[in-house]
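What follows is one structure encoded as structure tokens, with my remarks underneath.
Taken together, the values in this text are just the output of simple stated rules run on the coordinates, not laboratory data. All values derive from a computational prediction rather than experimental measurement. Methodologically, a virtual Cβ is constructed for each residue, glycine included, from the backbone with ideal geometry; neighbour enumeration extends over all protein chains shown.
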Amino acid sequence: MIILNLECKNFRNLENIKISPCENMNVICGENAQGKTNLIEAIWLFTGAKSFRNSKDNVFLKFGAEKSVCSLDFKSEGIENNAKIEFIDKRTAFFNDNKLKSTASLAGKFNAVVFSPLDLNLVSGGPRERRKFLDLSIGQIYPVFINILKSYIRAVTQRNKIIKNYKYDSTVSVMLDVFEEEIATGGRKIIEFRKRYIEILNEFLPTIYDGISAGKETLSTAYICKWDENLLEELKNSRKEDMYTGVTSVGPHRDDLDFKINNLSVKSFGSQGQKRSVALAVKLAEAEVIKQKTGECPVVLLDDVMSELDKTRQNFVLNHIEGMQSFLTCCDESNIENLQKGKIFKIRNGGVI
């Protein structure tokens with residue numbers, strides 16, 4: 001997957017910008033609030049996903065403009081394609097001049113992996129952030145997983161409603177068997193998918209982190225399952241406690257992912273630089289998984305990754321992400337002095353200078 005040209009008109013503060021990136025590292029350099037992250041965000045939207053900044057569509061349109069357009073020329077499997085997204089009241093997507101039902105229809109046509117400061121929550125945040133990463137990543141390469149997860153969440157939601165209402169109407173308990181069976185069946189499938197994905201991820205993750213740390217640290221990853229193999233039995237045994245708390249206390253919706261550096265928890269004992277390095281390594285490993293499963297490298301988008309990294313780790317980011325077109329935002333030009341091969345785009349007030 002290679003981006004040939006990107007053009008943005010009236011997207012956030014990008015009034016009229018066009019770049020033709022190289023096939024390896026592309027650095028987008030400039031001071032804060034000049035449009036660096038906006039450029040990364042524009043590329044990401046062509047994956048068909050929501051903004052990684054949790055932004056709503058109405059913020060994409062430049063203030064005072066009636067319409068915004070982003071256009072992407074890219075090569076996939078040796079074939080050149082064009083995708084376009086128009087922003088007026090809502091997003092409208094086109095692929096090779098054909099209007100799509102929604103921007104979500106772009107999924108699978110253009111693949112990318114993004115790292116942003118919010119991804120530090122993958123290490124520093126709660127279990128929900130790590131489960132979200134797993135489930136989104138699995139859904140990209142195993143689309144059937146999405147429906148399995150939706151059905152599971154629906155069953156858990158229904159069980160929660162029943163146990164909350166039990167003290168008012170004890171007859172609703174007859175429905176618990178139905179939904180607990182659904183939770184157990186779906187839960188087992190979710191665990192299988194998650195463990196399988198982690199196995200694939202771990203084919204790349206330790207080696208990538210070894211490169212980032214220059215061989216000084218060892219990263220290990222483990223899936224933390226807080227229930228035994230018989231989920232249905234656990235659900236029945238937890239009914240009394242769950243009726244008191246009002247929530248389903250067991251199942252994959254309560255599981256976690258644990259990262260350790262040299263056998264110590266990164267969340268509890270890691271420095272900010274180590275946490276950022278782990279989150280980056282996970283994202284780069286995710287890109288390798290996509291490459292393995294689709295046969296093509298995704299585009300790598302790195303927003304504000306260089307801060308809090310020492311020179312050794314910065315050098316890895318700049319010069320050792322191999323075989324993947326990458327885009328990196330940077331405020332401090334001294335952080336990219338060691339760039340050996342690539343292009344630098346300087347942005348000021350929403351334009352390339």
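Mind ranking 157-164, 32-39, 100-107 by how tightly packed they are, going by the mean number of other C-beta atoms within 10 angstrom, highest first?
Values: 157-164: 17.4, 32-39: 20.1, 100-107: 15.4.
Per-residue mean Cβ counts within 10 Å order the peptides as 32-39, 157-164, 100-107.
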- In a Gaussian network model of the chain with springs linking alpha carbons closer than 10 Å, the residue among Glu203, Glu233, Glu296 that fluctuates most is Glu233
- Task: Round to the nearest 10 and give me the degree value, 0 to 90, for the angle of helix 176-201's Cα axis relative to the longest principal axis of the chain.
- Result: 40 degrees
- Task: Give the residue from Gln158, Tyr223, Gly295 lying farthest towards the positive end of the charge dipole for the chain; charges sit on Cβ (+1 for Lys and Arg, -1 for Asp and Glu) and the dipole is referred to the Cα centre.
- Result: Gln158
- Where a ≥ b ≥ c are the square roots of the eigenvalues of the C-alpha gyration tensor, would you call segment 146-250 rounded, which needs a/c under 1.5, or, failing that, prolate if a/b is larger than b/c, or oblate? prolate
- Of Lys150/Lys240; Lys75/Lys150; Lys84/Lys291, pairs whose Cα-Cα distance is over 28 Å: Lys75/Lys150
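Rg over Rh of segment 92-147, using C-alpha atoms and the Kirkwood radius, what does it come to?
My calculation puts Rg/Rh at 1.08.
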- Query: Can you give the relative contact order of the chain as a percent, counting alpha carbon pairs under 8 Å and 6+ residues apart?
  - Reply: 27 percent
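To check you understand DSSP bridge types, tell me what percent of the beta bridges within the chain (both residues inside) are antiparallel, rounded to 5.
On the way: 39 of 56 bridges.
Bridges in the chain are about 70 percent antiparallel.
When only C-alpha pairs under 8 Å and at least 6 residues apart count, what is the relative contact order of segment 198-353, in percent? Before the final figure, lay out each step's value.
Values: 169 pairs, mean separation 33.5, N = 156.
Relative contact order comes out at 21 percent.
I need the Kirkwood Rh of the chain: take the reciprocal of the average 1/r across all distinct C-alpha pairs and report it in angstrom. Let's see the in-between values first.
On the way: mean 1/r = 0.0453 Å⁻¹.
Computed over Cα pairs of the chain, the Kirkwood hydrodynamic radius comes out at 22.1 Å.
I'd like the projected area of segment 169-312, averaged over all directions, using the convex hull of its alpha carbons. Report it in nm² with one decimal.
Dividing the Cα hull surface by four gives the mean projection, 11.6 nm².
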- Task: Give the relative contact order (percent, whole number) for segment 279-331; include only Cα pairs under 8 Å separated by 6+ residues.
- Result: 40 percent
- Message: On C-alpha positions alone, give me the angle between the axis of helix 127-141 and the longest principal axis of the chain, in degrees, nearest 10.
- Response: 70 degrees
- Rounded to the nearest 20 debye, dipole of the chain from Cβ charges on Lys, Arg, Asp, Glu: 780 debye
